[in-house]
Every structure is written in C-alpha cells, then in structure tokens.
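The values are calculated or read from the model by the stated rules, or taken from the named source; none is laboratory data. None of these values were measured; they are calculated from a predicted model. Here the Cβ positions follow ideal geometry from the backbone for every residue, glycine too, while neighbour counts run over all protein chains shown.
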Amino acid sequence: MSKLIGLCGVIAACSKTPSPPPAPTPEPTVTAAADAAPDANNPYARSVIALPGGGADGVGMDYLLFDPRTNSVWVPAGNTAAVDVIDTKTHALAQVLGFATKEIERNGKKRMVGPSSATLGDVGTVYVGNRGDQSVCAIDETKLLKGACGTLDAMPDGIAYVAPTHEVWVTTPGDKSLRILDGKTLAQKSKITLESEPEGFAVDATRGWFYTNLEDKDETVAISLKTHAVVATWHPKCGENGPHGLRLSEADGRLLVACSAEVHALDVTKDGAMLGTIAVGDGVDDLDLDSANHTVYAGGGKAGSLSVVTIQPNGSLVLLTRAQTAAGARNSVVATNGEVYLSHSKGSEIVVLTPAKQ
C-alpha cells in the first residue's frame, strides 16, 4: 500500500489523496527548510526532509536509491516498517507501507530492523530487501504497490538487479554468501558461498562480472555472472576497517571503492590496478557515482561532510569540494538535478544538498 505526505501549499497531507490505513508509528510533519545557503567555499544549500515514524532511536536507514525514471529517492526506513519515496522536484514524500519488522540484538544492543535496501529493476519495478522477514519484494515504482516477494533463509543486506540475466543478486553476509533470485518470481535460483562476509556491490554487464568486497580480508572480488565463479581477487588497500561500498564507471572500467576515510579507484581492465586514492571525510559507508560527469559523492558520517571528487581520464582522483552535512549523515545518492541526498538516521531525516544555480 502507499501513502502520500505532500507539500501542498503549506506542508501538510494532500487533501486530494484518498485516506490510507494509518502508519505503524506516529508521523511528524515533513519539512524541507534550508538552513545553510551556498557560498564560494560551499556551493551547496543544505536542507532536511523529516521522515515519519522516528522514535527516540531515529529512523534506521542503510542504502538509498535514486530512480531516474520517476525522479525519486527511495529510502528504506527499517524500523518504521515503510519505504519512503521522495520526489526530487518538490521534496514531497510518499510511503510504501506494511513491511515486516523484527527486533534483533547486535553488540549487546537491541534494535528494530525492517526494509534496508533497494535496487532499480526493469522499467516499472524497484526491488526492496527487508531484514525484518528476510524477503525481497518487487514494488511498482509509480503506483507504489507490492508485487511478488521471495523469502530467503538468511538476512539480506545489499541487493542489485542484473539486467543481462534478469536476476536479483543479494549479499547475505550472515552466512558469507550471495543469493541469486529470479527477477520475476523472486524465487532463489542459486547460492554462491564466499570466504568472508560480502559488503558492497556493483554490476558490470560489459564484462559479465559482479563485484563485492570481503571486508575483513581487505579484498575486492569479481564474480562471473554466468559461471558464478570468483574470477579475480584484488587488494584495494583500505586497511584494517576494510572496503565498504562500490560503484563502477562501466565504460572505462573504473571501480570506485569506499574505504572508511578514503576513496580508491581500481582498473578492472588491468587486474585491479590502483589508479588513484583520495582522502575524504571519515565514516564513509556507501558512495555514489555520476558516470556521465565522472563525479564521485562520498558522505563521511563521522566527519559530517560530503566530499565531491572528480575522476580524471587516467583514473586519478581530485577533490572538487567538501560540503557540511550532519554528524552521522552518510550513504549519499545524487539525483539528475544535481541534488545530493544522505541518510541521517539519528535525526530521522534526509539531508539534502542543492547545488547553487549557475
């Protein structure tokens, strides 16, 4: 089911929208008020969009997704049992409701988990991974309605749609594996067992490979989409914290690896040769890439900043700018209009950086 929390004149629920069932938790007003204007040193205006359902622990978020077909940012908002969908033109917020949640204990602390990841499928479909019931579901990207779902026997982390094979690949670090699902039925087709917990993902249709990191080994592996065998193992040299997120500039084979406080560029056409490294704000988990403009966006949660980096033709990395975000803001995605969205779980909000008009 879906729910719209629009910005109609004033910030309130749109009266033209049919009344949906109540959300699982009380909802604050959605806001999008700028609190920092761009200047010569920071070419972004900063604003926030409050998310519904956040309690004392905030809104649990991990991966975000930008959907260029609908110009929307998808926010799997775990402990609220919802996926929030933000219109990048108006900052209006809609919801897909009714996801399962469950309480887990990690490092001696209990927390509620639910939907946590999303990936863009064929036209009309976004897939959402849910830790609450270990499922992956297809969602109609315009109607915001659930379709087919598949249930795994391990908790999903990252998910990626592989268009050449019409499959959804899922990282399941709990049992050091990848699961491969049929893109239509979401039934499990196969399982790939790894030597360590997979972290991050990128699909390379040109070369027929899938990339993921083995975080505790400080390794990045390439896996054949056809045979499911590991065909290459590289060393991104991230250090003891290991590599996290991945993005691929597919045309030229530049694989961007997020380390905790650096971004590294590997050449997948030359056995993972290191092309460039650059220091960014500490606390990077996932990152994003605008392939058309050869630009990387890395949000450092500990540093409370976004680093914007350009990829040079030779693969070296150069810092373009660094913008203030918020302590804990991470996992950036960039929209077609140049806005950058970051999850800020503690604040129950999305931090939005809007570029200055040229």
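Using the structure shown, decide if T151 is in contact (Cβ under 8 Å) with a residue 60 or more places away in the chain and over 29 Å from N241 (Cβ atoms). In short, no. Of everything in segment 126-145, what is part of a strand (DSSP E or B), crowded, with 18+ Cβ neighbours inside 10 Å and either in contact with an Asp or Glu (Cβ under 8 Å, 6 or more places away or on another chain) or not aromatic (F, W, Y) (or both)? Give them in sequence order. Selection gives V126, V128, G129, N130, S135, V136, C137, A138, I139. Taking T119 as the residue in question, decide whether it is under 18 Å from N213 (Cβ atoms), in contact with a Lys or Arg (Cβ under 7 Å, 6 or more places away or on another chain) and at pLDDT 95 or above. No. For the residues T206, T185, T227, T220, the requirement of being in contact with an Asp or Glu (Cβ under 6 Å, 6 or more places away or on another chain), of a type outside the set (A, V, I, L, M, F, W, C) and either in contact (Cβ under 8 Å) with a residue 12 or more places away in the chain or in a loop (DSSP other than H, G, I, E, B) (or both) singles out T206. Within segment 188-202, is even one residue more than 22 Å from A118 (Cα to Cα), modelled with pLDDT of 95 or more and in contact with a Cys (Cβ under 9 Å, 6 or more places away or on another chain)? No: segment 188-202 contains no residue that is more than 22 Å from A118 (Cα to Cα), modelled with pLDDT of 95 or more and in contact with a Cys (Cβ under 9 Å, 6 or more places away or on another chain).
Each residue in segment 192-233 was checked for being of a type in the set (G, A, S) and surrounded by 22 or more Cβ atoms within 10 Å (Cβ to Cβ), and 3 pass. For R254, the stated conditions hold: it is more than 23 Å from A45 (Cα to Cα), charged (D, E, K, R) and crowded, with 23+ Cβ neighbours inside 10 Å. Annotation note: of S332, S345, the sole residue that is within 15 Å of the chain's Cα centre (by Cα), under 23 Å from L255 (Cα atoms), surrounded by 21 or more Cβ atoms within 10 Å (Cβ to Cβ) and hydroxyl-bearing (S, T, Y) is S332.
Scanning segment 170-191 for residues that are in contact with a Pro (Cβ under 9 Å, 6 or more places away or on another chain) and buried (at least 17 other Cβ atoms within 10 Å of the Cβ) yields V170, T171, T172, P173, S177, L178, R179.
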